[in-house]
Amino acid sequence: MATTKTDPKLPLAINGAKKNKSYEGLTRDQLIQAYRLMYTSRRIDDREILLKRQQKIFFQMSGAGHEAIGVAAGLALRPGYDWFYPYYRDRALCLTLGAKPYEMFLQAVGAADDPSSGGRQMPSHWGYPKLNIVTQSSPTGSQILQAVGCAEAGRYFSRHPLSAEVPGGGFTDYRHFKNVSFQGDEVSYVSLGDGTSSEGEFWEAMNAAALGKLPVIFCVEDNGYAISVPVEVQTAGGSISRLVSGFPNFHFEEVDGTDPLASYAAFRRAARYCREGHGPAFVHAHVIRPYSHSLSDDERLYRPDSERERDAQRDPVTRTQMFLLREGVLDEKGINQLEKEVEAELQIAVDLALEALPPAPESVMNFVYSPDLDPASSTFDTQAAAEVQVEGKKPAAKTMADLINTTLRDEMRRDERIVIFGEDVADCSREEYLKQKLVKGKGGVFKLTFGLQNEFGTDRVFNSPLAEAAIVGRATGMATRGLKPVVEIQFFDYIWPAMMQIRDELSVIRWRSNNGYSCPVVIRVAIGGYLTGGAIYHSQCGESAFTHIPGLRVVFPSNALDAAGLLRTAIRCDDPVLFLEHKRLYRETFGRAAYPGPDYMIPFGKAKIVHPGTDLTVITYGAVVPRALQAAQKIEREQGVKVELIDLRCLNPFDWETIAASVAKTNRALVAYEDTLSWGYGAEIAARLADQLFDQLDAPVRRVAAKDTFVAYQPILEDAILPQPNDLYLAMKELAEY
Ligand SMILES: Cc1ncc(C[n+]2csc(CCOP(=O)(O)OP(=O)(O)O)c2C)c(N)n1
Ligand SMILES: [Mg+2]
């Protein structure tokens, strides 16, 4: 651990200017350039504020007071080489890395040509693919774990360079749509405010970076406030540096972030430490916030003039200007000239941006999913070919758990970009026990990943800390770089800490960056009840919370063969996928199958008719499939009612054509699902049936689902809560008789 501290109150003055004098390694020309960037940044804020007042733009977020640390970071790091996860105050950083004022104004007006988002995101939500500035969102702190994942990907590619190559011989999978680049000594930069350091994800990221000795620079831009909340109310003891000082493997810097030279020196040391592979660095920069939190905030409501005036004396733009004058780097004329040039440049940029075309309303659905690869297309239908291969051999029928494990193994053999991590997924973190054959290995609490670490090594299959947001956030960062993380959330009941990453990041990165970035992660999740003893926290469903998210594919197989075929499609496709595996089905006798071979794929959004019929249609999925089948067989035996049973297999996209064709034939529909009845997945199907097939229906659409309560431990209660074959039977009977 190394710590360097500079006194935030030290003046910038260094006397005795000489033409060839070096300023922390910066030349006089670079100092002038640094001032130009800082001044430009401030004046863009001023112009935007004016434009907002004139109602020509719709939002404003300033980087005022943060210019010196931004320019310092930008000069110490390399655009298009290092990777950047900035936050909204990093205008000066982005300018220093190469973003143009015109591009910033394009975002402010919401123009089609805005390179960050094509008019989809607020101003100051940076994203410049050419510069490796990764698309930024609004939740404070959700960028931090992704920066960690990004660093992990860089290290992985340098250790496994062949994995970065695109396989030859024509199209095979998502790899054809990802340009992978890596340097070997690259650094991931991530910044956040002092308030954001209270987010749990910040601490998960610090832990992961320290554990992995990853080359990440965390920059906390501490302006003393999070909107109106002062730092002493935010951070125990008032100093984030003090709180994080116990993290191992870090290099620490605490610096006056309004002083460009001290900031530059701190960043240089931090970057060197990271590039040399010692671990992460933490730069705590004390800055100011002279323009209130945003244009919607008036800080005079909670900060007295005396405090604001004290801050104003540290204004980085004025301080740097004074410094240049004192050092004789620029005289008053030179300063005036520079500022005039900047004003002229900004005027042209504003005028052009105000004339820029807005995006077309018809474009709103573009890039919700990959435009290159449709997982519902016939490209992913290899079922017939695989069946021919299997024919004649009569191999043993295997469980869903077996086939998921085998599919993962075969895909990992085929594609070196696949990494698997999560809680307990490795065989044994203490590798030496495996090597000495002292232990057999675990491979997941349900053993779905058993043997994978043994075969593919700890780089590719490893345990994560117990931190679900970190699992998804790191995976998102890795996938942004071109890796294919197939991560596991141990129980669906515990997916919720990752919800921010799933809802606000994973699913929306492609859309919000206007296809500038994508992150096709696969999240495998053990879901569902019928466990006799699973109780509230090991039995939850809740899939409709995820099918409600645009941009996320949701798959829910009911048998071994479908699990194998759909998992392979999930891995090879170019979209993020939530792959739901029902725990009760892992080792059931129902739905066992022989392994269909290493290329067996089922396209998304294609349902399966499990039991053909003519009298009524049952639409279901997951563990309700075998229960509904039992009920359908019974009602046919006893009443002669022929039920057409549809297993959706995939919930987003879902197979409306098969549902519609069946209901047009049977004129009666029952939607059955394990999740609680109200507001569930069946509501959407029922609404569509009512909307689009009203004339074809001879009876109201019915639903069978769990009661609107929680799954209880006592099996008698569990039976009463979850839909049983008899509930399905009774509903079928009632509907047939309607
Ligand atoms: C997760 C989340 N919670 C709340 C907000 C609303 N919000 C936006 S900025 C902000 C304060 C952030 O303060 P800080 O991290 O110190 O950054 P600063 O704006 O001071 O630079 C809040 C509460 C948000 N965007 N995201
Ligand atoms: Mg702050």
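The values are calculated or read from the model by the stated rules, or taken from the named source; none is laboratory data. Model, not experiment: these values are computed from the prediction. Counting neighbours? That spans all protein chains shown, and the Cβs are built from the backbone with ideal geometry, glycine included. Side chains are part of the model used for accessible areas, which takes the heavy atoms of the whole protein and leaves out ligands, DNA and RNA. Shrake-Rupley method; radii C 1.70, N 1.55, O 1.52, S 1.80 Å.
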Against the rule of thumb 2.2 N^0.38 Å, how large the Cα Rg of the chain comes out: 1.07
Set 634/733; 583/634; 608/642; 100/340 screened for pairs whose C-alpha atoms are more than 22 Å apart: 583/634
Per residue, in Å², the accessible surface of segment 390-508 once ligands and nucleic acids are set aside, probe 1.4 Å: 38
Accessible surface, per residue, of segment 179-298 when the full set of protein chains is kept, probe 1.4 Å, Å²: 32
Area accessible to solvent at residue 634, 1.4 Å probe radius, in Å²: 60
Carbon and sulfur %, accessible surface of the chain computed with the full protein complex present, 1.4 Å: 53
Counted charge near residue 690, where neighbours are those whose Cβ lies closer than 15 Å (Asp, Glu -1; Lys, Arg +1): 0
Given charges at beta-carbon only (K, R positive; D, E negative), |dipole| of the chain in Debye: 1540
Centroid-to-centroid separation of segment 328-366 and segment 73-91 [C-alpha atoms, Å]: 20
Inter-part distance where segment 451-470 and segment 536-586 are each reduced to a Cα centre, Å: 20
Eligible lysines near residue 606 by straight Cα distance, threshold 21 Å, same-chain separation 8 or greater: 665
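What do you reckon, how do 430, 269 stack up by accessible area (1.4 Å probe), largest on top?
Accessible-area ranking of 430, 269, largest first: 430, 269.
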Note, ³J(HN,Hα) from phi for segment 437-446, Karplus 6.51, -1.76, 1.60, rounded to Hz, x at Gly and Pro: 6, 7, 9, 8, x, 9, x, x, 5, 9
Solvent-accessible area per residue for segment 8-140 (1.4 angstrom probe, square angstrom): 36
Residue-level accessible surface for residue 379, protein heavy atoms, 1.4 Å, Å²: 60
Dipole of segment 524-600, positive end: most advanced residue of 531, 564, 548 [Cβ charges, Cα centre]: 531
Whole-angstrom gap from segment 123-183 to segment 204-280, using each part's C-alpha centre: 23
